[in-house]
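J.: Sharing a structure here in structure tokens format.
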Amino acid sequence: MGNTRVTGAARGRGTGGALRLLLAGACAAVLALAGTAPAHAGSHSVPKGPSWEEKKSGSDARFRGLAAVSRTTAWVAGTKGTVLLTRDGGRGWRNVSPPGAAGLEFRDVAAFDARHAVVLAIGEGEASRILRTDDGGTTWSEAFRNTDPRAFYDCVTFFDRRHGIAVGDPVDGRFRVLATGDGGRSWRPTSPDGMPAALPGEAAFAASGQCAVSSGPRDAWIATGGGPVSRILHSADRGRTWTAAEAPLPAGDAARGVFGLAFRDRSHGLAVGGDYRAGASSPRAAARTADGGAAWNTAVRPPAAYRSGVSWLPHSRTTALAVGPTGSEITTDGGRGWRAFDTGSYDTVDCAPDRGCWAAGEKGRVARLAPGSGR
């Protein structure tokens, strides 16, 4: 759900707001880096530090939507209209995909618990939809279907069990925002008057369900890219009005920008991104803020390459995880420096309040941070 604790793709738009689907194909409070943790046979971990333990999903979908409810319960959503749910720590997965959704691209999922969840499908026009379940995926109801052929929705985030927003790419020069006050059962567009003008080519990336995130009862942020500079937009009133700040991540191209955000409170946040193209250089792939996103500082030791997902570890003021197609990193100093601990491909990461951290990505890959890893 994009780092909200009612719990947590890539597509960008080209110049002029016409980005197509991109990247569709292409834990303790502090995790000590000195400890050695055994890696699961399916992981690609370096000898020291935390490690991912793969959980066989039985699917070949690419999962960019992820909501970690606890160490035992998690939702994933992805290609071919696929939604899976585990309630036993990943030992078994239940296919709870909505009927008739095989043609949809799910890129975000927000889960309140093991029974209540909201999924967002991306695409132009009616391909952008929001569905909700109240019975663990046994049945689904369509809460929103986009009817504007110019609109393309990317991410959804919730402030609490009732209030949330969904964010779409610019139409008529401004990002679109939908709001709900009934837990995602109905959605209404907010006034564009409170949104600053979009830059040429600017859009959001539906790469990890983290292009829109929230923290607390009123604060939300939107990550952007594709424009001459990367920006992060902030709202302190549940999406009614927004301010924009420049982010020091790669920009100036449809494939560059901020792809994922995470805030541990309304002041302290992390941004990851770069250039998603394979082999492209991303020398400034991460940044941090301590003032709610008004100003951003580049990481002193950033991740080695483009990263699409990021999540704070609960109950920690300094530790977070970042993931991308070429590996995973950990920071233990609030985002100043990042250290690699895995070379496997993951698109998104999310941590639950009980410190259960999950990652998901291509070819049905789902993993949980190994029990006791780095403790």
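Each value in this text was obtained by applying a stated rule to the coordinates, not by laboratory testing. Predicted model only: the values in this text are computed from it and were never measured. Every residue, glycine as well, gets a Cβ built from its backbone with ideal geometry; the counts of neighbours run over all protein chains shown.
J.: Looking at Ser208, Ser186, which is the one that is hydroxyl-bearing (Ser, Thr, Tyr), under 18 Å from Ala117 (Cα atoms) and either surrounded by 24 or more Cβ atoms within 10 Å (Cβ to Cβ) or in contact with an Asp or Glu (Cβ under 7 Å, 6 or more places away or on another chain) (or both)? Quick ask: steps written out before the conclusion?
T.: On the way: Ser186 fails: either surrounded by 24 or more Cβ atoms within 10 Å (Cβ to Cβ) or in contact with an Asp or Glu (Cβ under 7 Å, 6 or more places away or on another chain) (or both).
None of the others qualify; the one that does is Ser208.
J.: Another question, if that's okay. Identify the single condition in (1) within 24 Å of Val156 (Cβ to Cβ); (2) buried (at least 19 other Cβ atoms within 10 Å of the Cβ) that Ala299 does not satisfy, given that it satisfies every other one.
T.: (1)
Here is a yes/no grid of residues against (1) within 22 Å of Gly279 (Cα to Cα); (2) assigned to a strand (DSSP E or B); (3) of a type in the set (Phe, Trp, Tyr):
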{"residue": "Ala304", "(1), (2), (3)": "yes, no, no"}
{"residue": "Arg307", "(1), (2), (3)": "yes, no, no"}
{"residue": "Val323", "(1), (2), (3)": "yes, yes, no"}
{"residue": "Ser328", "(1), (2), (3)": "yes, yes, no"}
{"residue": "Gly334", "(1), (2), (3)": "no, no, no"}
{"residue": "Phe341", "(1), (2), (3)": "yes, yes, yes"}
{"residue": "Gly344", "(1), (2), (3)": "yes, no, no"}
{"residue": "Trp358", "(1), (2), (3)": "no, yes, yes"}
{"residue": "Lys363", "(1), (2), (3)": "yes, no, no"}
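J.: So which of Ala294, Ala320 ends up being of a type in the set (Gly, Ala, Ser), over 15 Å from the mean Cα position of the chain (by Cα) and within 19 Å of Trp221 (Cα to Cα)?
T.: Every option except Ala294 fails the conditions.
J.: If you don't mind, there's one more thing I want to ask. Looking only at the stretch 85-96, decide whether some residue is hydrophobic (A, V, I, L, M, F, W, C) and in contact with a Cys (Cβ under 9 Å, 6 or more places away or on another chain).
T.: No: the stretch 85-96 contains no residue that is hydrophobic (A, V, I, L, M, F, W, C) and in contact with a Cys (Cβ under 9 Å, 6 or more places away or on another chain).
J.: Restricting attention to strands (runs of 3 or more DSSP E) lying wholly within the stretch 220-289, give those where 2 or more residues are surrounded by fewer than 18 Cβ atoms within 10 Å (Cβ to Cβ). Walk me through how you get there before you give the answer.
T.: Working: elements: 230-235, 243-247, 256-263, 269-275, 286-289.
Filter on the stretch 220-289 gives 243-247.
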